[in-house]
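Enquirer: Sharing a structure, written as structure tokens. Questions coming.
The values are calculated or read from the model by the stated rules, or taken from the named source; none is laboratory data. Source: prediction; values computed, not measured. For neighbour counting, all protein chains shown are included, and Cβ atoms are generated from backbone atoms with ideal geometry for every residue, glycine included. Surface accessibility is based on the protein's heavy atoms, side chains included, excluding ligands, DNA and RNA. Shrake-Rupley method; radii C 1.70, N 1.55, O 1.52, S 1.80 Å.
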Amino acid sequence: MNGRLHLGHTFSLSKCEFASRYYRLKGRMVLFPFGFHCTGMPIKACADKLKREMALCGCPPVFPEEEEVAVKEEDIVPKDKSKGKKSKAVAKTGAAKFQWQIMKSIGISDEEIKEFANESYWLEYFPPRAVDDLKRMGIHVDWRRKFITTDANPFYDSFIRWQFYHLKDRNKIMYGKRYTIFSPLDKQPCMDHDRSTGEGAGPQEYTLIKIEVLDPLPEKLK
């Protein structure tokens, strides 16, 4: 819920929609609840970007003139080849560079954009608008059973805790180690779609060879 719904959401949802209506027509009892994804880092990353932009450029911010920078091929971070060429963030935001510009591009006023520096405000703003869009689409959801996925929703939070405690008790999950991208700013790992830049970048493996230089040392090394 870090933006309005778009055609890609409609395409994905149409599969659930067609299946639920088909089985209802066949006389089956079908439950179609709806969850709004508010967990993870994307909302926090967007809110933090707004805070930084207001701290550096004022409120409403006056952004510096954009300068064209030549990028050398060797400076580009190697990308995971399994990912698409266009990042999800670029596909959603187009040419907008700053978070404030992105918010304006979806029709939010300058007076209201500053409220989004508080990550909780995103949870109040976008889900009701998503419900309106989905109703206009004609989706056959049981709206008595809608929820957001954060600890702001104590029912969802307790369900997830219960799930993980039980899985841990049965030795189905355990702590482990793996290479991952780490955000020094947020003090935690950040997955691909959690990053405002650098989507598709993966950990890289290097081989270091240590060579001992034997005595007598060459004149230059002395």
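Enquirer: Is it the case, given these coordinates, that ILE148 is in contact with a helix residue (DSSP H, G or I) (Cβ under 7 Å, 6 or more places away or on another chain) and open to solvent by less than 60 Å² (accessible area, probe 1.4 Å)?
Expert: On the way: in contact with a helix residue (DSSP H, G or I) (Cβ under 7 Å, 6 or more places away or on another chain): yes; open to solvent by less than 60 Å² (accessible area, probe 1.4 Å): yes.
Taking the combined requirement at face value, the residue satisfies it.
Enquirer: Does VAL141 fit the bill of being surrounded by 13 or more Cβ atoms within 10 Å (Cβ to Cβ), over 30 Å from GLN99 (Cα atoms), more than 17 Å from the chain's Cα centre (by Cα) and of a type in the set (A, V, I, L, M, F, W, C)?
Expert: yes
Enquirer: What number goes with the only condition from (1) of a type outside the set (Gly, Ala, Ser); (2) more than 28 Å from TYR156 (Cα to Cα); (3) modelled with pLDDT under 90 that TRP100 does not pass?
Expert: Unmet condition: (3).
Enquirer: ASN153 fails exactly one of the following numbered conditions: (1) open to solvent by 100 Å² or more (accessible area, probe 1.4 Å); (2) in contact with a Cys (Cβ under 9 Å, 6 or more places away or on another chain). What is the number of that condition?
Expert: Every listed condition holds for ASN153 apart from (1).
Enquirer: What is the residue count in the range 31-68 for residues that are free of Cβ contacts under 8 Å to residues at least 12 places away in the same chain and closer than 17 Å to ASP194 by Cβ?
Expert: 1
Enquirer: Do we have TYR179 as under 30 Å from ARG52 (Cβ atoms), more than 16 Å from the chain's Cα centre (by Cα) and part of a loop (DSSP other than H, G, I, E, B) here? Before you say what the answer is, go through the steps one by one.
Expert: On the way: under 30 Å from ARG52 (Cβ atoms): yes; more than 16 Å from the chain's Cα centre (by Cα): yes; part of a loop (DSSP other than H, G, I, E, B): yes.
Considered against the rule, which asks whether it is under 30 Å from ARG52 (Cβ atoms), more than 16 Å from the chain's Cα centre (by Cα) and part of a loop (DSSP other than H, G, I, E, B), TYR179 comes out as yes.
Enquirer: Consider only pairs whose beta carbons are under 7 Å apart and that are at least six residues apart or on different chains; among these, list those whose first residue lies in the range 148-172 and is closer than 21 Å to VAL131 by Cα and whose second residue is open to solvent by 100 Å² or more (accessible area, probe 1.4 Å) and in a helix (DSSP H, G or I).
Expert: Nothing qualifies.
Enquirer: Oh, and also: Take the range 108-138 and flag every residue that is outside any helix (DSSP H, G or I), open to solvent by 40 Å² or more (accessible area, probe 1.4 Å) and within 24 Å of GLY35 (Cα to Cα).
Expert: Correct list: ASN118 only.
Enquirer: Out of all the residues in the range 159-174, is one or more closer than 26 Å to GLU124 by Cβ, open to solvent by less than 60 Å² (accessible area, probe 1.4 Å) and within 24 Å of the chain's Cα centre (by Cα)? Explain how you work it out, then say what you get.
Expert: Kept after step one, since they are closer than 26 Å to GLU124 by Cβ, are these residues of the range 159-174: 159-161.
Checking the rest, the ones that are also open to solvent by less than 60 Å² (accessible area, probe 1.4 Å) come to 160.
The next check asks that each one be within 24 Å of the chain's Cα centre (by Cα); those that pass are 160.
Among the residues of the range 159-174, at least one is closer than 26 Å to GLU124 by Cβ, open to solvent by less than 60 Å² (accessible area, probe 1.4 Å) and within 24 Å of the chain's Cα centre (by Cα), which makes the answer yes.
Enquirer: Give the range 7-51 a look and list any residue that's exposed (fewer than 12 other Cβ atoms within 10 Å of the Cβ) and not in a helix (DSSP H, G or I), or say none. If you could, list the steps in order and put the result at the bottom.
Expert: Step one: of the range 7-51, the residues exposed (fewer than 12 other Cβ atoms within 10 Å of the Cβ) are 7-8, 11-12, 15, 18, 22, 25-29, 31, 33.
Across the range 7-51, the qualifying residues are LYS26, GLY27, ARG28, MET29, LEU31, PRO33.
Enquirer: List the residue pairs whose Cβ atoms are under 8 Å apart, where the first residue sits in the range 184-197 and is open to solvent by 90 Å² or more (accessible area, probe 1.4 Å), the second is part of a loop (DSSP other than H, G, I, E, B), and the two are 6 or more positions apart or on different chains.
Expert: Correct list of pairs: HIS193/GLY40; HIS193/GLU199.
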